[in-house]
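What follows is a single structure, written as structure tokens, with notes after it.
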Amino acid sequence: MIHTERTVLVSGAGVAGPALAFWLNRYGFAVTVVEKAGTLRSGGYPIDVRGTALEVVRRMGILPRLREAHIGLRRLTFLDGDGGEVASLHPHKVTGGVAGRDLEVRRGDLTDALYAAVRDGVEFLFNDSIDILDQSCDGVDVTFRGGGRRTFDMVVGADGLHSRTREFVFGPEEQFHRYLGHCFAVFTMRNTFGLSHETVMWNTPGRAAALYAVGDNDDVHAFLNFAHPEPPSDAFRNPEAQRDLVAAVFADAGWEVPGMLATLRDANDLFFDGVSQIRMPRWSSGRVALVGDAAYAPSFLTGQGTSLALVGAYMLAGSLAGREHAAGFAAYEHSTREFVTVNQDQAGEGGATLFPATARALEQRNDMLRNLSAMPSGEGRSAHSALTLPAVGGVGGRQCFSSPRWS
């Protein structure tokens, strides 16, 4: 393994940022992570780690901790507009997951595990962010919002779907944003429904409401999704407009939706956004690169956002080891883009399954679910494991992969 003293600033301490910092630190880079929040963000909607990403967390040494945190959702029940049951089945039959292998954990449990693995070797700057980026032949001059100024050899944006790093370097988000025709709202509410380790989803054409119980006595995650032909730009900037829009769309809905709307009005953890992807012709420019959702958000329809972030971080760090930034960024894109694309392309399949927009499509979806409930679980979607990780010298224990080592 080739060690360097090159400096890298990573913007974002979610999933991709700390994962990238871990691997860059292993290669001898001096890494700083800047995060606009005052601390790690706890809680959050449960996330999935599948396929190739499982090998990433194993090589990081955090797989046992994540296994202990595994939620183990047992049942996914679909209801019709009147609240009657359409089908009840194991979630893996819909998501393409593999029971006993894939992980589902609270997002905070994953970020805590990543931070614990990297905090001793990486500098973290919380409650700060990048204000100005100025690239030169020798490095990237960064002015921080808190007033500090420093120069780094490279900067990597790991700052999510609405990445400011991407905007600084590549231009407005609209160039790369692919809206998929839906909006969603997520918030928590008291579990007064008797739900345990399960999700119940109500559908009418173009609308879905779900209650997701992670445990026995925890709050439930409430989820409202609806078709909207054009992105409601005004609502994205205004929480009250978001609440008004959701309430209007679901005004005549049955089941538990009226209670969900009542809770939505006062929810202090509401997250509202459009269902969308980021598709970019390139992921780097000069000495700045992007990783995770900032470069290739696949949308929650795929269930692969976290896995792409983990795999992308691993591949980027390995590509930079022993290479100058331009060659490293090119190798990262060459080795990772196909995996990203095949997983992003799962969005159409997932959207059609979960959120049919017409009565006919909903009827077809329900017929498919009834058939799925009678079928044995499969071996998972091939897209989830479509990339075999290159082996890393001195990292991850056994080396039994056919791909060549990084050079």
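The values are calculated or read from the model by the stated rules, or taken from the named source; none is laboratory data. Remember, predicted model here, so these are calculated numbers, not experimental data. FYI the Cβ positions are ideal-geometry reconstructions off the backbone, even for glycines, and counts take in every protein chain you see. All accessible areas refer to the heavy atoms of the entire protein, side chains included, with ligands and DNA or RNA removed. Shrake-Rupley method; radii C 1.70, N 1.55, O 1.52, S 1.80 Å.
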Notebook entry, point to check: Of all the residues that make up segment 99-121, how many are open to solvent by 20 Å² or more (accessible area, probe 1.4 Å) and under 30 Å from ASN203 (Cβ atoms)?
Noted result: 7
Next item on the list: Kindly provide the set of residues from segment 205-217 that are touching a residue at least 40 places away in the same chain (Cβ under 8 Å) and either among the small types (Gly, Ala, Ser) or open to solvent by 20 Å² or more (accessible area, probe 1.4 Å) (or both), ordered by number.
Entry: PRO205, GLY206, ARG207, ALA208, ALA209, GLY215
Margin query: Give me the residue from segment 243-287 that is touching a residue at least 12 places away in the same chain (Cβ under 8 Å), polar (S, T, N, Q) and open to solvent by 10 Å² or more (accessible area, probe 1.4 Å) and, out of that set, nearest to THR302 (Cα to Cα).
Written below: SER284
Item checked: Residues (part of a helix (DSSP H, G or I) and either aromatic (Phe, Trp, Tyr) or open to solvent by 30 Å² or more (accessible area, probe 1.4 Å) (or both)) located in segment 66-75 -> ARG67, GLU68
Margin query: Being crowded, with 19+ Cβ neighbours inside 10 Å and more than 12 Å from PRO356 (Cα to Cα) is the filter here; which residues of segment 218-230 pass it?
Written below: VAL220, HIS221, ALA222, PHE223, LEU224
Next item on the list: Residue by residue through segment 76-120, note down the ones that are farther than 21 Å from GLY51 by Cα, of a type in the set (Gly, Ala, Ser) and in a loop (DSSP other than H, G, I, E, B).
Entry: GLY81, GLY83, GLY84
Check: Pick from ALA317, ALA326, ALA391: which is at pLDDT below 95 and of a type in the set (Gly, Ala, Ser)?
Finding: ALA391
Next item on the list: Return the only residue of GLY147, GLY96 being surrounded by 15 or more Cβ atoms within 10 Å (Cβ to Cβ) and on the phi > 0 side of the Ramachandran plot.
Entry: GLY96
Check: Mind checking which residues of segment 332-349 are of a type in the set (Gly, Ala, Ser) and surrounded by fewer than 20 Cβ atoms within 10 Å (Cβ to Cβ)?
Finding: SER335, GLY348
Check: Here is a list of conditions, (1) part of a loop (DSSP other than H, G, I, E, B); (2) surrounded by fewer than 16 Cβ atoms within 10 Å (Cβ to Cβ), and ASP141 meets all of them except one; can you say which number that is?
Finding: (1)
Check: Would it be correct to say that SER385 is modelled with pLDDT under 90, under 29 Å from LEU24 (Cβ atoms), of a type in the set (S, T, N, Q) and surrounded by 18 or more Cβ atoms within 10 Å (Cβ to Cβ)?
Finding: yes
